[in-house]
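Contents: one structure, followed by commentary.
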Amino acid sequence: MNDIARVFSTHPLLHTEDDRKAIVAEFRAKRAVFKSAPTATKAPKAPAAKINLDDLGDL
Amino acid sequence: MKERLSFKDGIQIGWDATSLDTAQACLRKYYYRMILNVVPQDTSVHLLFGGLYAKALETFYHYRAEGMSLDSALLRVVEQALWDSWDHVYDEAGNVIQGGAPIAFNDPKKTRISLIQSIIWYVDEFGHESKDGIQTHHLQNGTPAVELSFALPLSEDLYYCGHLDRVVSYGGQLYWMDQKTTGSALSSYYFSNFRPNNQFTGYSWAGKIVLQSPVAGGIIDAAQIAVGFTRFERAFISHTEAQINEWLDGTFYTIELAQQATREQHFPMNLTACGNYGGCPYRQLCAISPSLREAYLKSNFHTIEPWDPLRPR
């Protein structure tokens, strides 16, 4: 079978070991692309929350 | 229906973090969820996704601790997750037969595909163990410290229950480990949700007793599930003895309050909690007039298997 979309839409009883290996390989390849993409093209990472208490004045 | 071990004469005696969270949030919510066992017709996608994800990774570490190779363990849990995320149909004898369909998650981020992707990406991110890094701890009898369910006495007729997915050793110290998924960014604000927190302080309290050894704290592996990618962050949490004692004190108080409410059958609403975490699932029910609630309950909610922390998994 080995076509990822088809594996996902097929009953798990019909999956073969090769189908699962193909899924793992496909997502590993996708991760490699994601990890190697320039930072600017990745979704921005949320900045750590920093609060300067001096900026808040008297509370 | 199975006997409910966590209740005695209608009063809850077996408690866990979920029961505590519910009772602390709102006694009316506690009544609907823990006493009546009713939930909205639509299952929460977040609970479903998080449950399947955590189960897969817990099983992965179990296989690894038994000596299975990383790739073999990964293939096994992918197989399991594909199976568990399918809405199966059964024959008359109760056997799974071909048919049914993939479970519809009805969420743009948390889907069946992103579930499988997140499991594979997690294993490649954190699944490798090294002797000088994080390793699964082994108990004194040699068994790996994974899937450790506990029910510890809080008093003569009160128990606190939980389930440690995995205990690891790192830098010569022991840590419990837990998995979380979120659609939000993994900022320091996200992790601040876990300090303080019933589940994790309870783990630190129970860990010492279960492992008969000091526990330095916990490690949270969080996954941000986004459209097209999954990002991971790891955070360490520790609790002082004083913090744990304070948590215990609050736990006893909450339990006493919920038991008293149950005895009196009086469950007042906490109106300041209705908007928490995207809105309480019982908000619409509470919003209508009391005389209409029973009919609303019947048409919009269904009864599920009672929450029973004392029943072993």
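Things worth noting here:
- B:Arg64 fulfils the conditions (1) more than 17 Å from B:Asp165 (Cα to Cα); (2) open to solvent by 50 Å² or more (accessible area, probe 1.4 Å) except for a single criterion, (1).
- Residue list for the range B:262-274, filter: part of a loop (DSSP other than H, G, I, E, B), open to solvent by 60 Å² or more (accessible area, probe 1.4 Å) and either of a type in the set (A, V, I, L, M, F, W, C) or more than 24 Å from B:Asn198 (Cβ to Cβ) (or both): B:Gln265, B:Met269
- Test: residue in the range B:133-147 that is touching a Cys at 6+ places or on another chain (Cβ under 8 Å), more than 14 Å from chain A (Cβ to nearest Cβ) and under 19 Å from B:Gly51 (Cβ atoms): no
- Residue match in the range B:247-261 (condition: over 30 Å from B:Gly207 (Cα atoms) and either open to solvent by less than 100 Å² (accessible area, probe 1.4 Å) or of a type in the set (A, V, I, L, M, F, W, C) (or both)): yes
- Positions within the range B:18-44 being out of contact with any strand residue (DSSP E or B) (no Cβ under 9 Å at 6 or more places or on another chain), open to solvent by 40 Å² or more (accessible area, probe 1.4 Å) and either without any contact (Cβ under 8 Å) to a residue 40 or more places away in the chain or part of a loop (DSSP other than H, G, I, E, B) (or both), in sequence order: B:Asp42, B:Thr43, B:Ser44
- Residue that is modelled with the lowest pLDDT, among those in the range B:184-208 that are within 13 Å of B:Thr240 (Cβ to Cβ) and assigned to a helix (DSSP H, G or I): B:Lys208
- If you check A:Ala37, A:Ala43 for being modelled with pLDDT under 95, within 10 Å of chain B (Cβ to nearest Cβ) and touching a Lys or Arg at 6+ places or on another chain (Cβ under 8 Å), only one passes: A:Ala43.
- Candidates B:Trp83, B:Trp15, filtered to the one that is away from every other protein chain (no Cβ under 14 Å) and either in contact with a strand residue (DSSP E or B) (Cβ under 6 Å, 6 or more places away or on another chain) or not small (Gly, Ala, Ser) (or both): B:Trp15
- Restricting B:Tyr296, B:Tyr277 to residues that are over 21 Å from the mean Cα position of the chain (by Cα), assigned to a helix (DSSP H, G or I) and among the hydroxyl-bearing types (Ser, Thr, Tyr) narrows the list to B:Tyr296.
- Considering the range B:153-195, and only residues there that are away from chain A (no Cβ under 14 Å) and over 22 Å from B:Lys208 (Cα atoms), the residue that is nearest to the chain's Cα centre (by Cα) turns out to be B:Lys180.
- Positions within the range B:132-183 being part of a loop (DSSP other than H, G, I, E, B), open to solvent by less than 50 Å² (accessible area, probe 1.4 Å) and touching a residue at least 12 places away in the same chain (Cβ under 8 Å), in sequence order: B:Gly133, B:Ile134, B:His137, B:Leu139, B:Ala145, B:Gly183
The values are calculated or read from the model by the stated rules, or taken from the named source; none is laboratory data. Keep in mind that what you see is a predicted model, and the values were worked out from it rather than measured. Cβ coordinates were reconstructed from backbone atoms using ideal geometry, including for glycine residues, and neighbour counts include every protein chain displayed. Ligands, DNA and RNA are stripped out before the accessible areas are found, and what is left, the full protein with its side chains, is counted by its heavy atoms. Shrake-Rupley method; radii C 1.70, N 1.55, O 1.52, S 1.80 Å.
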